[in-house]
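The values are calculated or read from the model by the stated rules, or taken from the named source; none is laboratory data. These numbers come from a predicted model, not from an experiment. Every residue, glycine among them, receives a Cβ derived from its backbone with ideal geometry; neighbour counts consider all protein chains shown. Remember, those area values only see protein heavy atoms, side chains included, never the ligands or the DNA or RNA. Shrake-Rupley method; radii C 1.70, N 1.55, O 1.52, S 1.80 Å.
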Amino acid sequence: MGNLAATAGDRIDDVLARLERLEAIEAIGNLMADYTHFFDTGWSGAGRDVARVGAVFTENAVWGGDTGVQHGRANIEKWCARFGHAAKMSLHIAMNPKIEVNGDTAKGAWNGLIPMVTPTGEAIWVGGRYECDCVRTDAGWKFSRMYFLTAFQTPFDEGFARTQFVGPHR
């Protein structure tokens, strides 16, 4: 009987661990949804909120990609306010999530597509991959590192087959 009890206890522990992992994956997915929503600008459903973009990051987070890097939540917010929200319109779409949780840390990757109208009025497509490190904090899951690796940044009317990159890149 003691062996059956231990087996049942092990099963319960296993189910609880799996549930905690699934809850972490869901929370990290929601974190990315908040990031993309609050980074959006220029249309009625856009979140456009610099402080809420910053809130998804740890205080000492690293954010950037091919075109530069920002260190710390405050610098991420400043960059978002100065450049990110300078676009006339943007819609950040994150899809195909792959999230791997290891205790209080996790790695996540999403494909990203961003239709955008630049400050000068040019319609462009930006596509690539978000690669992120996450950490569980007292306030919940946060990004400690987010890089966007750009596959293309191209004029809307030309497409990436004709012009893979426009503007400052690499």
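Numbers at a glance
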{"quantity": "Residue under evaluation Trp43, criteria (1) in contact with a Ser or Thr (Cβ under 9 Å, 6 or more places away or on another chain); (2) under 21 Å from Ile28 (Cα atoms), criterion not met", "calculated": "(2)"}
{"quantity": "Candidate set: the stretch 114-142, residues that are farther than 23 Å from Pro155 by Cβ and within 13 Å of the chain's Cα centre (by Cα); chosen: the one most open to solvent (accessible area, probe 1.4 Å)", "calculated": "Glu131"}
{"quantity": "Considering residues of the stretch 79-113 that are over 23 Å from Thr137 (Cα atoms) and touching a Lys or Arg at 6+ places or on another chain (Cβ under 8 Å) only, the residue surrounded by the fewest Cβ atoms within 10 Å (Cβ to Cβ)", "calculated": "Asn111"}
{"quantity": "Count of residues meeting criterion [without any contact (Cβ under 8 Å) to a residue 60 or more places away in the chain and in contact with a Leu (Cβ under 9 Å, 6 or more places away or on another chain)] in the stretch 42-71", "calculated": "3"}
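Conditions tested, residue by residue: (1) in a helix (DSSP H, G or I); (2) of a type in the set (Asp, Glu); (3) at pLDDT below 95; (4) on the phi < 0 side of the Ramachandran plot.
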{"residue": "Ala61", "(1), (2), (3), (4)": "no, no, no, yes"}
{"residue": "Val69", "(1), (2), (3), (4)": "no, no, no, yes"}
{"residue": "Ala74", "(1), (2), (3), (4)": "yes, no, no, yes"}
{"residue": "Glu77", "(1), (2), (3), (4)": "yes, yes, no, yes"}
{"residue": "Ala94", "(1), (2), (3), (4)": "no, no, no, yes"}
{"residue": "Pro97", "(1), (2), (3), (4)": "no, no, no, yes"}
{"residue": "Ala106", "(1), (2), (3), (4)": "no, no, no, yes"}
{"residue": "Ala109", "(1), (2), (3), (4)": "no, no, no, yes"}
{"residue": "Ile114", "(1), (2), (3), (4)": "no, no, no, yes"}
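The rows are residues; the columns are (1) at pLDDT below 95; (2) more than 21 Å from Ala139 (Cα to Cα); (3) part of a helix (DSSP H, G or I); (4) aliphatic (A, V, I, L, M).
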| position | (1), (2), (3), (4) |
| --- | --- |
| Asp10 | yes, yes, yes, no |
| Asp14 | yes, yes, yes, no |
| Arg18 | no, yes, yes, no |
| Tyr35 | no, no, yes, no |
| Ala46 | no, yes, no, yes |
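Yes/no per residue for (1) open to solvent by less than 60 Å² (accessible area, probe 1.4 Å); (2) closer than 17 Å to Cys134 by Cα; (3) under 15 Å from the mean Cα position of the chain (by Cα):
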| position | (1), (2), (3) |
| --- | --- |
| Gly9 | yes, no, no |
| Asp13 | no, no, no |
| Leu19 | no, no, no |
| Glu26 | no, yes, yes |
| Gly29 | yes, yes, yes |
| Met32 | yes, yes, yes |
| Thr41 | yes, no, no |
| Val50 | yes, no, yes |
| Trp63 | yes, yes, yes |
